[in-house]
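Encoded as structure tokens, the structure appears first; notes follow it.
Here, each number is a calculation from the coordinates, and none is a lab measurement. Note that this is a predicted model, so its numbers are computed, not measured. Every residue, glycine among them, receives a Cβ derived from its backbone with ideal geometry; neighbour counts consider all protein chains shown.
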Amino acid sequence: MTRSLLAVIAALVTLCACGGSGAGPASTVAGTETIVLPRADQPAAHRPTLERLKREAAESGRPLEEVVRRYATRMAATASSRPTDFEGYDPAATEPGVAIDGIPYAELVDLGTIARSEGISYEEALDRFGSQLSNQGVIDELNAEFPDEISGVRYVDDQRGLRVGFKGHIPARAIELTKTLPVEVTLIGGKGFSAAELRRAQDAVVARLRSRSEVATMTAHADEETGRVKVVVQPKVMPDDTEQFTRALRLPQPDNPYITVEVTVSAESVAPRLQ
């Protein structure tokens, strides 16, 4: 079954960075290459049924979310021999195969939840997040085809743009794949590290910290934009000299010079206490 859109959004929020979409020349480090695929040149999302339902909602004065629900209920009634006219019937829960324009109805229900949590309209949620399930297929393909080259994928511009980084040159196949997406795409090559290398560096640091008896709590985050493994450590006893404490941890340093480890010492707990 298709993963829940809420789970996809949660994952993407982790990847998302605030700021502009990177339209035009992107700000990158020396030695990188940048290719921008403008939104105007990308294919439009093909949603004829949802566009018709939008017009129906506007003409009837009913909320689009309600119109979508009624349409899904009618679809479920024709596709299933089970009763669908009882109070509280929810095709998202009862008929998981119901989809509108290729988007599972359960994901369209999730969009309503996202709209309320973000304080935006259902229409805006559909515009911003409605393509992310299909986009995820391309992202998965990029990760599968370039496991040692891709250095990270993140949404920008309120989920309306995508940034894709590569350790070396931008592969022609990556350009071909991302040209199919209905969002602006910025591809950045020459970053010097891959996401896989960054994860291995983070794992090595975490393993080392878990073995140190002087560490009470810690967190680690791999920043795919900068190539930094950012670590926050809470000592069991706060030292007078935090720099000396950090050196004494003897954290493993990455072999790749484009990956760095950044340590912050905190007097406060930053995670559940290590056993």
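What is the Cα centroid distance between segment 111-158 and segment 33-57, reported in whole angstrom?
Answer, in whole Å: 14.
Report the gain in length on full extension from Glu33 to Val237: 0.36 nm times residue separation, minus Cα-Cα distance, nm rounded to one decimal.
Contour length minus the Cα-Cα distance gives 68.8 nm.
Give me a comma-separated list of calculated 3J(HN,Hα) values for segment 245-258, in order, Karplus coefficients 6.51, -1.76, 1.60 applied at θ = phi - 60°, integers in Hz, x for any Gly or Pro.
Once θ is set to phi - 60°, the couplings for segment 245-258 become 4, 5, 4, 5, 5, 6, 5, x, 9, x, 5, 7, x, 7 Hz.
For the pair Asp223 and Arg250, what calculated FRET efficiency results from E = 1/(1 + (r/R0)^6), where r is the Cβ-Cβ distance and R0 = 25 Å, to the nearest 0.05?
Between Arg250 and Asp223 the formula returns 0.65.
Quick check: residue separation of Ala267 and Glu176 times 0.36 nm, minus the Cα distance between them. What number comes out in nm?
27.9 nm
Fully extended, how many nm does the chain gain between Ala207 and Ala144 (0.36 nm per residue separation, minus their Cα-Cα distance)?
20.0 nm
What is the set of long-range amide H partners of Glu184 at a cut-off below 5 Å, with H atoms built 1.01 Å from backbone N?
Close amide H contacts, sequence-distant or interchain: Arg39, Leu162.
Can you tell me, using C-alpha contacts under 8 Å and at least 6 residues apart, the relative contact order of segment 164-262 as a whole percent?
25 percent
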